[in-house]
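Take a look at the structure below.
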Amino acid sequence: MRCPFCGSPDSQVKDSRAAEDGSAIRRRRVCPDCSGRFTTFERVQLRELVVVKKSGRRVPFDREKLARSIRTALRKRDAEPERVERMISGIVRQLESTGDAEVSSASVGRLVMDALRGFDDVAYVRFASVYRDFQHAADFAAVLGELTAEERVETDDGN
């Protein structure tokens, strides 16, 4: 693994342990040239995914980009990092298990919306405002109305 500090092509693993409920391996590394320390994660990747954007452009799926957008929606919210990582890993597994090498950006957005709906209402509305391209305050009101209606149904069902 290349050192992110000095660019040296080699680094030594000092510690390895399971992370994210065993779905990843966390490795602490040290560079023999500059003594810099850094952490890497290894995850199973079932297939190379390509995201098809609305414009038709195709880009490689980027787990970190997905994680950044979810963390942005969750910014300043009380969310346990482990639960967030499990949610991200679950979304990635769903995408990989479709059997298709290409997924639409809309399907990625729907999976994130579904995951956030049960996770944090505020993050759900934040993400929805970007995903659904809100233009007016009424757009926020409509999503809040959907959430309120869902809560009433759950309360009426005894859940």
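A short reminder: the numbers here are calculations on the coordinates, not readings from a lab. Quick caveat, the model's predicted, so the values are computed rather than measured. All Cβ positions, glycine included, derive from the backbone under ideal geometry; neighbour counts span all protein chains shown.
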Structure-based [θ]222 nm, the chain - -39500 (n - 2.57) summed over DSSP H runs of at least 4, per residue, nearest 500: -14500 deg cm²/dmol
Dipole magnitude (debye, nearest 20) for the chain, charges at Cβ of Lys, Arg, Asp, Glu: 940 debye
Checked the range 1-44 against the a/c 1.5 cut and the a/b vs b/c comparison, axes a ≥ b ≥ c from its Cα gyration tensor; verdict prolate
I'm a student and want to see the number: the projected area of the Cα convex hull of the chain, averaged over all directions, in nm². 12.7 nm²
Nearby aspartates and glutamates by direct alpha-carbon distance to residue 54 (threshold 17 angstrom, same-chain neighbours under 8 apart not counted): 62, 102, 133
Starting from the Cα of residue 53, draw a straight line to each of the lysines and keep only those under 30 Å, dropping any in the same chain fewer than 8 residues away. 65, 76
